[in-house]
Amino acid sequence: SLIATAGRTTLAMALRGSRSKRVLQHDVESARGYGHFAGVAQDDVLARIDALIADGILRLEYHDGFPLLAYSDRGLQLAMRYAAEEWLTVLRAQVPTVRGGAPLELPLVMADIQNRNQNTVLLLAEMVGNEADSDWLLLLRLWAARETRRVRARLHAIITALETKAAG
């Protein structure tokens, strides 16, 4: 992520798919937005970034005199929701395969567990809890076994509710 490590110009370059050293030093090639605006003029991409700043989704913070992009509180909430929805799509797709005996794969949820945003994972758990049925039980048990204490507790509450509902 370029948030809090780069400014408008570097973000615009990454969104256009630049292979410059300035962009690649941030390891953004695998980020979902990298290259999304390939073929779009730099000034047009900067205008879109400026619109996000004007709308209060992004903001500029100055570190050592350099302007770096950061999420506003509202922008962070939107980014967390977007990530949780993306992860939910991955989990939904795995429910039938896990029930069929395939191993659970959680690359997005479990990647860099020490540095991920735990509130995003808790939001994901809440979203799962709102839609899960008994078909999700095995996936939830496998996921809970790999989680931090706080997330595991939330997943166990969902599992218990689903088991109670299934027994009733």
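The portion of the accessible surface of the chain made up by carbon and sulfur, rounded to a whole percent, is 52 (1.4 Å probe; DNA, RNA and ligands excluded).
Estimated from helices alone, the mean residue ellipticity of the chain at 222 nm is -18000 deg cm²/dmol (sum of -39500 (n - 2.57) over DSSP H runs with n ≥ 4, per residue). Computed on the stretch 52-168, with alpha-carbon pairs under 8 angstrom and 6+ residues apart, the relative contact order is 20 percent. The Rg/Rh ratio of the stretch 4-64, with both radii computed over alpha carbons and Rh defined as the Kirkwood radius, is 0.96. Values (1) -0.21, -0.86; (2) -0.33, -0.96; (3) -0.47, -0.94 are given for comparison; log10 I(q)/I(0) by the Debye sum over Cα atoms at q = 0.08, 0.16 Å⁻¹, derived from the coordinates here, is the one labelled (2). Loop-located trypsin sites (Lys or Arg not before Pro) across the stretch 135-168 with a Cβ neighbour count of 15 or fewer within 10 Å are Arg146, with loop assigned by DSSP. Among the trypsin sites (Lys or Arg not before Pro) in the stretch 25-84, those placed in a DSSP loop whose Cβ has at most 15 other Cβ atoms within 10 Å are Arg32. In the elastic network of the chain, a GNM with C-alpha springs shorter than 10 Å, the most mobile of Gly65, Gly17, Gly33 is Gly65. Entry comment: accessible area of the stretch 1-82 is 62 Å² per residue, from protein heavy atoms only and a probe of 1.4 Å.
The values are calculated or read from the model by the stated rules, or taken from the named source; none is laboratory data. Because the structure is a prediction, the values reported are computed rather than measured. Here the Cβ is made from the backbone with ideal geometry for all residues, glycine too, and neighbour counts use every protein chain on show. The protein model used for the area step is the full one, side chains on, heavy atoms only, and it has no ligands, DNA or RNA in it. Shrake-Rupley method; radii C 1.70, N 1.55, O 1.52, S 1.80 Å.
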